[in-house]
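Input: a single structure, listed below in structure tokens.
The values are calculated or read from the model by the stated rules, or taken from the named source; none is laboratory data. Quick caveat, the model's predicted, so the values are computed rather than measured. Neighbour counts run over all protein chains shown; Cβ positions are idealised from the backbone, glycine included. Side chains are part of the model used for accessible areas, which takes the heavy atoms of the whole protein and leaves out ligands, DNA and RNA. Shrake-Rupley method; radii C 1.70, N 1.55, O 1.52, S 1.80 Å.
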Amino acid sequence: MCSSGYFHHDDLMTPLTRPPGPKNRGIIGNFPLGTRDPLGLYTQWARQYGDIIYYRAFSRHVYFLNNPDFIEHVLVTNYRNFIKGEALQFNRRIFGNGLLTNEGDSWLKQRHLIQPAFRRDRIESYGKTIGAYTERMMADWRDGEVRDIHRDMMRLGLEIVAKVLFNIEIASEGDTIAEALNTFMELGSRGRLLLPPVLRLLPTADNLRYRQAARQLDEVVYALIRQRRSNDDAGDDLLFGLLHAQDESGRGMSDKQLRDEVMTLLLAGHETTAVSLSWTWYLLTQYPEVEKQLLSELQQVLSGRKPTAQDLSKLPYTARVVKEAMRLYPPAWAIVRKSVQHCEIGGYQVPAGSTVMMNQWVMHRDPRYYDQPERFNPDRWLDERAKAIPKFAYFPFGGGPRTCIGASFAAMEGVLVLATIAQKYQLRVPPDCRVEPLPTMTLRPKHGIKVVLARRMEN
């Protein structure tokens, strides 16, 4: 499917041999993130142009895939020919050379070093922390109170991942991290991360805000590393392993290497689950029949007690609720890769250096694979129904060797947090609350999600 050599877009193909797609507009071409409704535009293109679409964004030649087989080819079958996309590479100022952005043999060594923290037995041991921290958060909640559940889920997720992976308590640092992340997400939603390099170097207000936020995160993460170094006997957590890791020559990680790994795991490790839970709560407020069935299972299995990791297998409907929420609102709403060598996808030639995009938002709502795709229906994941859905028509955690390393942890955390809170509180979105998705690095709610808390009667 792929061959070596050097190809130039204009020399290799004419517009007639490219896949169909929208007409390019001047020097910009097409820049969906600069439009009022990027998700709607991507969906429109997929329905209009089919399984593979071509468009140009500034100087980038983009191939947008809307077929599970094509997506599997990129993420699994021929994954070596596709490296992480430019948005993540542009974010090396934040993530450095951590697990999210690294490539090749160096990435593989990193993954092997970090993998033990996500073994099944270790993940199950995190269950008590998840439950305790969720209870601690709810201790400050009051019946009838209006809260931003997205903000609560973000703070909870950050505290949990800091404790279970690094054995660190996040206190005032949580506000600094949240503020910096909000800055990145806001700028990302306006397409700043995909601007040509020369524009990102200019001393504009946005660029200065970006650099300031990155410096704030650096200060927090280096302080956390120093804190953990000073308490070296605190336990056998992931950060302990990173602090004592050595390469073949016996050298340990530099502070910069440690910073990159901690930054990546701290930020990426809490964002996905927190965003997913935020949308789960929103969907439950819109589908009372699903909430009723969820509560029925929780009452039958738990009878009001705190859920544990051992209860996971007894809560299949709760797990399906979380899974279905990630279908409709996938935290990672798109995956972008860059082709290393010229190759062929779907009968079309894709030159080296091309951008290849796969969009979970579009695939997860494709009527070819989902009956009533806009409906929140956890029972579509019952065994027989789920078997009919192609593997890469649902891929919230990516796929292939670069599947999210924390996918199992995220799934467990989602179920335990949902079960813990849903037993004690019913959440309702006020009629005047506007909730809409913001496609940036993740799919956050643009204005948060305001909810009214209603304390459930004790059994």
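Summary of values
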quantity: Condition met for Pro203 (modelled with pLDDT under 85, open to solvent by 60 Å² or more (accessible area, probe 1.4 Å) and either within 18 Å of the chain's Cα centre (by Cα) or under 20 Å from Gly96 (Cα atoms) (or both)); calculated: no
quantity: Leading residue by the ranking (least open to solvent (accessible area, probe 1.4 Å)) among those in segment 235-270 that are free of Cβ contacts under 8 Å to residues at least 40 places away in the same chain and closer than 30 Å to Thr442 by Cα; calculated: Leu258
quantity: Residues of segment 392-428 that turn out to be part of a helix (DSSP H, G or I) and over 26 Å from Glu124 (Cα atoms), as a count; calculated: 2
quantity: Residue in segment 138-149 that is assigned to a helix (DSSP H, G or I), in contact with an Asp or Glu (Cβ under 7 Å, 6 or more places away or on another chain) and surrounded by 20 or more Cβ atoms within 10 Å (Cβ to Cβ) present; calculated: no
quantity: Test for Lys446: is it within 16 Å of Thr280 (Cα to Cα), open to solvent by 80 Å² or more (accessible area, probe 1.4 Å) and within 19 Å of the chain's Cα centre (by Cα); calculated: yes
quantity: Breaking point among (1) of a type in the set (D, E, K, R); (2) in a loop (DSSP other than H, G, I, E, B); (3) open to solvent by 30 Å² or more (accessible area, probe 1.4 Å), for Asp366; calculated: (3)
quantity: Residue count, segment 364-391 (criterion: in contact (Cβ under 8 Å) with a residue 12 or more places away in the chain, of a type in the set (D, E, K, R) and closer than 23 Å to Gln286 by Cα); calculated: 5
quantity: Residue in segment 7-23 that is modelled with pLDDT of 90 or more and either open to solvent by 70 Å² or more (accessible area, probe 1.4 Å) or assigned to a helix (DSSP H, G or I) (or both) present; calculated: yes
quantity: Within segment 379-393, considering residues that are open to solvent by 40 Å² or more (accessible area, probe 1.4 Å) and within 26 Å of Glu289 (Cβ to Cβ), the one modelled with the highest pLDDT; calculated: Leu382
quantity: Any hit, segment 27-41, residues being under 25 Å from Gly400 (Cβ atoms), over 23 Å from the mean Cα position of the chain (by Cα) and either surrounded by 20 or more Cβ atoms within 10 Å (Cβ to Cβ) or modelled with pLDDT of 95 or more (or both); calculated: no
quantity: Residue match in segment 45-68 (condition: more than 21 Å from Thr272 (Cβ to Cβ) and free of Cβ contacts under 8 Å to residues at least 24 places away in the same chain); calculated: yes
quantity: Selection from segment 69-128 of residues that are at pLDDT 85 or above, out of contact with any Phe, Trp or Tyr (no Cβ under 6 Å at 6 or more places or on another chain) and of a type in the set (Val, Ile, Thr); calculated: Val76, Thr77, Ile83, Ile114
quantity: Whichever residue in segment 407-423 is open to solvent by less than 10 Å² (accessible area, probe 1.4 Å) and among the small types (Gly, Ala, Ser) and, among such residues, is farthest from Gly85 (Cα to Cα); calculated: Ala422
quantity: Selection status of Phe376, at pLDDT 95 or above, in a loop (DSSP other than H, G, I, E, B) and either of a type outside the set (Gly, Ala, Ser) or farther than 25 Å from Thr43 by Cα (or both); calculated: yes
quantity: Residue check, Arg428 under 16 Å from Gln286 (Cβ atoms), touching a Leu at 6+ places or on another chain (Cβ under 9 Å), basic (Lys, Arg) and open to solvent by 40 Å² or more (accessible area, probe 1.4 Å); calculated: yes
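Results for (1) more than 16 Å from the chain's Cα centre (by Cα); (2) outside any loop (DSSP other than H, G, I, E, B), shown as yes or no for each residue.
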{"residue": "Leu295", "(1), (2)": "yes, yes"}
{"residue": "Lys306", "(1), (2)": "yes, no"}
{"residue": "Tyr317", "(1), (2)": "yes, yes"}
{"residue": "Lys323", "(1), (2)": "no, yes"}
{"residue": "Arg327", "(1), (2)": "no, yes"}
{"residue": "Ala332", "(1), (2)": "no, no"}
{"residue": "Val336", "(1), (2)": "no, yes"}
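Okay, residues lined up against (1) within 23 Å of Ala274 (Cα to Cα); (2) open to solvent by 40 Å² or more (accessible area, probe 1.4 Å); (3) at pLDDT 95 or above:
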residue: Asp311; (1), (2), (3): yes, no, yes
residue: Pro316; (1), (2), (3): yes, yes, yes
residue: Val322; (1), (2), (3): yes, no, yes
residue: Trp333; (1), (2), (3): yes, no, yes
residue: Gln341; (1), (2), (3): no, yes, yes
residue: Gly347; (1), (2), (3): no, yes, no
